[in-house]
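The values are calculated or read from the model by the stated rules, or taken from the named source; none is laboratory data. Because the structure is a prediction, the values reported are computed rather than measured. Ideal geometry is used to build each Cβ from the backbone, glycine not excepted, and the neighbour counts take in all protein chains shown. To get the accessible areas, we keep the full protein, side chains included, count just its heavy atoms, and leave off ligands, DNA and RNA. Shrake-Rupley method; radii C 1.70, N 1.55, O 1.52, S 1.80 Å.
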Amino acid sequence: MKSDAVPVMKHAYIGWRAVGLGVVVCLLPFVFRPETAAAQAGRFEVTGVVVDSTGAGLSGATVVALTREDSVLTRFSTTNRDGAFTLRRVPEGAYILQVTYVGFRTHRQDMDLSGGDYDAGTIVLESSTVELDELVVGAEHIPIVVKMDTLEYNAAAFAVRPNDMVEDLLRRLPGVEVEDDGTIRAQGEEVQKVLVEDKEFFGDDPTIATRNLPANVVEKVQVYDKASDMEEFTGIEDGEDVKTINLDLKEEAEKGYFGHVTGGYGSEERYDGDVSVNRFDPSTQLSLIGNVNNVNRQNFSFGDIATLLGGLEAMGGRLILQDGGGLFNNRDGLSETFSVGLNANRDFGANTSAHASYFLSNVDNRQDRVAQQQQLLGPVQSSFVNETGGRTTDNLTHRLTVNALHEFGEGHDLRLRGNLRAGTSSLTNISETATLARGASVNEAVIDYRSESDNLGGNGSLTWRRRLDEKGRSLVGEVRGSLNDNEMSGNLHSITKFLEEGNVLSSDEIMQLQTRPGNSFSSTQRLSYIEPVGTGGRLEFQVESRQLEEERRQSVFDMASGASIFNDRLSSGYDRSYSYVQGGVRYQASGERFKAGIGANLQRSSLEGMIADAVGAASRPRIENAYTHVLPRAHFDYDLGERMDFSLEYSARAREPSVTDLQPLTNNTNPLLVRAGNPALKPEYRHNMNLRFSFYDPFTFMKLFVFARSEYVNNDIVQSRMVDERLRQVITPVNAEGAWMFSGSTHFGMPVRPLGVEVNVANNPFFERSLEYVNEAENRARIFRHTIDVSLNNRNTDLFDIRAGARYTFNAVSYSLNAAQNQQYVNRTYYADATLYLTEKWRVTGSLDYRLYSREVFGDVDSVPILGASIARSVMNERADIELAGFDLLGRNEDVRFSNTNTYIREERIASLGRHILLKFSYRLSPASGAGLKGKGRDIRIDL
């Protein structure tokens, strides 16, 4: 540990310099580009103004230049608010200038470009007798269409190969990003839903759709913010919008089978196989998917795995997302995965529809790890911990989802949503730790902990919506419920050794059988009435109540001479009843370019708790508390024009302590780090401020997305650590003041046309100020993390597709209680991946991920290069592929994680999936071979 590390501000300064450098690089083409069309041989500008019959400019009209010979789109643009347009850098030649606008007849005129720019003058559009609700004219030529709040991509304009999945198509769409773990971001926000033909596909898991459906059956990709059931009906924003992608399929895919079957086997007995079979028609969707492999791959999202592991937390397990690696990716241990699912959608006439899906997952994971940890223990004391161990988890889960809608008439419907989960999990965790302080060993521990758990849970909602009149008066009622029941049992065997004064060694041994059953049930009722006010105004009155009942028990038996002895000191139980009633009013006004709202709820909550013995009898006086909170909320959304949007939102909420925080149950699965709840905790009161700004030009492909979030917490629930002379710690949650957090995300991207590449710069700062207590002394921790990512990728991907970049993560942490433990460090990652299409049948791919870890923390810098390559050939009329793929060819794969908290800095290394080679065969079930390479009847070529 180095104490002379550079100050935090130096790292921040370096980070912002890198951002500035990235932006300057992006802007260079604009600064130095030629100022006249004559400077670019054979390239000209086309200008004009589009107006209606009264002479008023038409904003948002689509203007395209089509080659006169074969009607291939060469340039396109939209008119500004005054109706003016410019088509830039149009090559010399003969063209058709086409102008389209909703509600007007399409205008076409010939134009010849040779020797100079072209002024189309004033173009007057004639009103159409047929009203259209969207721009459809010439859609086979238009790669992107803007329809109010929806961005629609024409999939045929973004070439994909026959074997590509929807995930590969999304990677090619401007403004859409797909991370290695399958996370999708559109216009700077994470996509939480992927629909197929406006219907759910395996519930709310976007990855299942993008990794199991082929790209060549998709006709359009629509990106929009999907409102909640309540907002969708009332029009009053409730802050529950989710970024959504809808996949509109080709006509032939809606009337037949499509999908794929893949199998592979290779060195080190590695195998990988999956299947996807889909049968769609206008009223029914049926899908069957399956996956089995031992190469750490799953075609479902991380959220499912988190659910599988959820039962482990109550037994002392922790789920932590850390810099440098994540759980269950190809760098994290060794996993065997099996999953199978069935999805069905059915329209029962014009007024009733239903969705149901079943998904089964089994993940068996093995992790061998080595960790080093520097921890603050007081004003002048700290410890250094070395840890080695192995953990094995086996998780099986069943998930059933349903969604049904029945319309009684126009403006009157009833919707049912629900899901049910059942699962089992097992954990074996064996570890050895050694703790040093002041250069000498203080304690050592060997822990063998094994547990099994069963979990049953689910939730459902029923929403009734009724529009009372044509003015918009509405009544909405909703009831929700959730339940959870779990049974857990564990065996703990630990030996802890302590070095006493005079070099005397003492030891403690624990052999215990532990059981922790628990259950909970919650219900919520809500009723809203909406009254129109003036022009564009709506007033909502709403009342809501919620009830939560939870019960936890813990029984501990000490094992001695083969007999079990009940441990009354560690055995106990806790029951709690939490409820609230709130009522409020919200007003929302909207205009042509803005939407604003303000409101507040008054919430009265009560918490009753009973500390019981292991059989449920009260052992202490009941705990009774009541709280009153005012929960304001305000939002402002503004359309700045030219595809720029701005929004600002403030909200306050009360968060009650979890049952884990409240229950006075002692968790001693790590005898050196014992945890106990605190039934005297008060609810947190959280202030949240969110800011969003987006600029996206679908015709120049320039984008800027900014997101910032700040949170201040009253009565923050923090940890209080009591450390004894043997460095044993007891952690209890307590309330404290002054917690503050800020996080942000900025993404800028633009094409550099002379080089044929796209530049993307991402900047993600994070700052947290939090409080904890160490032996009742206050410690204020400040954690700073700043990630900068700069990447380049080529724009014309017909022959090759290359992406390369660098990512720097600056970290700094400081402690008020012990400044000697302050630390700063930088981790770096350089990455590149490329695909070369040798012919229509042959392709070669390669990838390199090179990670460098700082020497500022735990020693010399470490590098982890991961190299992969493959060669593939299409066969059977492009319906099948044969691929030979190599993974981690250098044999250096290792998952390295760094964690910064207000208590410690930790480095963890996990042995992960190593070098192997797979031979794979894939066969596509598709309605038409090569459908992904063609449009409807003609090729589409875009020259930008």
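The set of residues in the stretch 79-123 that are open to solvent by less than 20 Å² (accessible area, probe 1.4 Å), in a strand (DSSP E or B), within 16 Å of Val51 (Cβ to Cβ) and of a type outside the set (A, V, I, L, M) comprises Phe85, Thr100. In the stretch 38-47 there is at least one residue matching the filter, namely being in a helix (DSSP H, G or I) and at pLDDT below 50. Screening Arg161 against (1) buried (at least 21 other Cβ atoms within 10 Å of the Cβ); (2) among the basic types (Lys, Arg); (3) at pLDDT 80 or above leaves a single unmet condition, (3).
Select, from Gly749, Gly846, the only residue that is under 18 Å from Pro174 (Cα atoms), open to solvent by less than 60 Å² (accessible area, probe 1.4 Å) and part of a strand (DSSP E or B). Break it down into steps so the answer makes sense when it comes.
Numbers: Gly846 fails: under 18 Å from Pro174 (Cα atoms).
When all the criteria are applied, what remains is Gly749.
Going through (1) farther than 21 Å from Arg803 by Cβ; (2) touching a Phe, Trp or Tyr at 6+ places or on another chain (Cβ under 9 Å) one by one, Ser745 falls short only on (1). Which residues, counting only those in the stretch 59-85, are in contact with a Ser or Thr (Cβ under 6 Å, 6 or more places away or on another chain) and either of a type outside the set (S, T, N, Q) or modelled with pLDDT of 90 or more (or both)? Within the stretch 59-85, Gly60, Ala61, Val63, Ala65, Arg81, Phe85 meet the criteria. Going through (1) within 30 Å of His629 (Cα to Cα); (2) surrounded by 18 or more Cβ atoms within 10 Å (Cβ to Cβ) one by one, Met689 falls short only on (2).
Just wondering, is there one or more residues in the stretch 772-780 that are touching a strand residue (DSSP E or B) at 6+ places or on another chain (Cβ under 8 Å), more than 25 Å from Val659 (Cα to Cα) and surrounded by 20 or more Cβ atoms within 10 Å (Cβ to Cβ)? Walk me through it before giving the result.
Restricting attention to the stretch 772-780, the residues satisfying the condition of being touching a strand residue (DSSP E or B) at 6+ places or on another chain (Cβ under 8 Å) are 772-776, 778-780.
Checking the rest, the ones that are also more than 25 Å from Val659 (Cα to Cα) come to 778-780.
Within this subset, residues satisfying the condition of being surrounded by 20 or more Cβ atoms within 10 Å (Cβ to Cβ) are 779.
Checked the stretch 772-780: at least one residue is touching a strand residue (DSSP E or B) at 6+ places or on another chain (Cβ under 8 Å), more than 25 Å from Val659 (Cα to Cα) and surrounded by 20 or more Cβ atoms within 10 Å (Cβ to Cβ).
Annotation note: Cβ proximity below 7 Å between a residue of the stretch 814-838 that is without any contact (Cβ under 8 Å) to a residue 24 or more places away in the chain and more than 23 Å from Arg780 (Cα to Cα) and a residue that is of a type in the set (A, V, I, L, M, F, W, C) and open to solvent by 30 Å² or more (accessible area, probe 1.4 Å) (sequence gap 6+ or interchain) occurs for Leu838/Val844. Screening the candidates Ser276, Ser228 for the property of being among the polar types (S, T, N, Q) and closer than 26 Å to Thr835 by Cβ yields one hit, Ser276.
Return yes or no: is Glu908 at pLDDT below 90, crowded, with 17+ Cβ neighbours inside 10 Å and within 26 Å of Phe766 (Cα to Cα)? Criteria met by Glu908.
Among residues of the stretch 417-428 that are more than 25 Å from Thr463 (Cβ to Cβ), those with a Cβ under 6 angstrom from a residue that is among the acidic types (Asp, Glu) and open to solvent by 30 Å² or more (accessible area, probe 1.4 Å), sequence gap 6+ or separate chain, pair up as Thr424/Asp454; Ser426/Asp394; Ser426/Glu452. The criterion of at least 2 residues that are closer than 14 Å to Asp661 by Cα and either open to solvent by 20 Å² or more (accessible area, probe 1.4 Å) or among the hydrophobic types (A, V, I, L, M, F, W, C) (or both) is met, among strands (runs of 3 or more DSSP E) falling completely within the stretch 696-741, by 716-723, 729-736. Answer yes or no as to whether Leu727 is touching a Ser or Thr at 6+ places or on another chain (Cβ under 6 Å) and under 30 Å from Asn503 (Cβ atoms). Criteria met by Leu727. Exactly one residue out of Lys226, Lys255, Lys250 is of a type outside the set (A, V, I, L, M) and at pLDDT 85 or above: that is Lys250. Candidates in the stretch 803-821 are the residues that are farther than 14 Å from Ala762 by Cβ and touching a Leu at 6+ places or on another chain (Cβ under 8 Å); of these, the one that is modelled with the lowest pLDDT is Gln821. Asp939: closer than 18 Å to Tyr850 by Cα and modelled with pLDDT under 95, yes or no? No, not satisfied.
Each residue in the stretch 752-801 was checked for being among the acidic types (Asp, Glu), over 22 Å from the mean Cα position of the chain (by Cα), outside the structural domain of Ser816 (by the TED database) and part of a strand (DSSP E or B), and 3 pass.
Can you find, within the stretch 532-552, the residue that is least open to solvent (accessible area, probe 1.4 Å) among those that are of a type in the set (Gly, Ala, Ser) and under 36 Å from the mean Cα position of the chain (by Cα)? Before the answer, list the steps.
Initial filter on the stretch 532-552 (of a type in the set (Gly, Ala, Ser)): 534, 536-537, 545.
With under 36 Å from the mean Cα position of the chain (by Cα) added as a condition, the list becomes 536-537, 545.
On the way: Gly536: 33, Gly537: 5, Ser545: 26 Å².
The qualifying residue least open to solvent (accessible area, probe 1.4 Å) is Gly537.
When the stretch 79-111 is filtered for residues that are touching a strand residue (DSSP E or B) at 6+ places or on another chain (Cβ under 6 Å) and β-branched (Val, Ile, Thr), the ones remaining, listed by number, are Thr79, Thr86, Val90, Ile96, Val99, Thr100, Thr106.
Does the stretch 403-424 include one or more residues that are touching a strand residue (DSSP E or B) at 6+ places or on another chain (Cβ under 7 Å) and within 24 Å of His493 (Cα to Cα)? So far as the stretch 403-424 goes, yes, one or more of its residues are touching a strand residue (DSSP E or B) at 6+ places or on another chain (Cβ under 7 Å) and within 24 Å of His493 (Cα to Cα).
Scanning the stretch 871-903 for residues that are touching a Lys or Arg at 6+ places or on another chain (Cβ under 7 Å) and assigned to a loop (DSSP other than H, G, I, E, B) turns up Arg879, Asp888, Leu889, Gly891, Asn893. Considering the conditions (1) crowded, with 17+ Cβ neighbours inside 10 Å; (2) over 27 Å from Gly756 (Cα atoms), Ser791 is excluded by exactly one of them, (2).
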